[in-house]
Amino acid sequence: MSFAGKYQLQSQENFEPFMRALGLPEEEIQKGKDLKSISEIVQDGKKFKITVTTGSKVLKNEFTIGEESEIELLNGEKAKVVVQMEGNNKLVTEVKGMKSVTEVNGDTITYTMTMGDLTLKRVSKRI
């Protein structure tokens, strides 16, 4: 299944507490909580380029399934990760004590990030 496409954020759960736990400043959290980010995913086999635009902030990451890559986290920190594919519709990785799962189902992408007992869930639809 292809992840490629442009997606707009439809809903999110636990954004504020999760961003606080990541150490983002309150001012940035308040600015970002109501913005409908746009995610653009370009997939070429096992290679992915993901660009997330939220207001004026643009986060770009590139990785290849099963290979170590450096990505930028939501708080601006850089980390080395290995992204794995589960089945044909899930991307899974663990970074700095957080588990990240990106799952595509038809025109919907669900992004779930878990850190301890806190889970951030974001649902985006293809546009």
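Quick notes
- Local electrostatic count at residue 78 - Lys and Arg +1, Asp and Glu -1, tallied over other residues with Cβ under 9 Å: -2
- Bins of 10 Å, starting at 0 and running to the largest distance - Cα pair percent for the chain: 12, 47, 36, 5
- If R0 is 25 Å, the Cβ-Cβ spacing of residue 11 and residue 115 corresponds to a FRET efficiency of close to 0.80.
- Here the simple spin-label model places points 7 Å from the Cα toward Cβ, and for residue 47 and residue 72 these points are separated by 2.0 nm.
- Solvent-accessible surface of the range 5-126, taken per residue with a 1.4 Å probe and all protein chains present: 57 Å².
- Carbon + sulfur, % of accessible area of the range 2-103 - ligands and nucleic acids excluded, 1.4 Å: 45
- With a cut-off of 13 Å between beta carbons, the residues surrounding residue 22 carry a summed charge of -3, where Lys and Arg count +1 and Asp and Glu -1.
- Using Cβ point charges alone (K and R +1, D and E -1), the dipole size of the chain about the Cα centre works out to roughly 300 debye.
- Relative contact order %, the range 39-107, counting alpha carbon pairs below 8 Å whose residues are six or more apart: 16
The values are calculated or read from the model by the stated rules, or taken from the named source; none is laboratory data. Only a predicted model underlies this, so the values are computations on that prediction, with no experimental measurement involved. When we count neighbours, we look across all protein chains shown, and the Cβ atoms used for this are built from the backbone with ideal geometry, even at glycine. Protein only, heavy atoms only, side chains kept; ligands, DNA and RNA dropped before computing areas. Shrake-Rupley method; radii C 1.70, N 1.55, O 1.52, S 1.80 Å.
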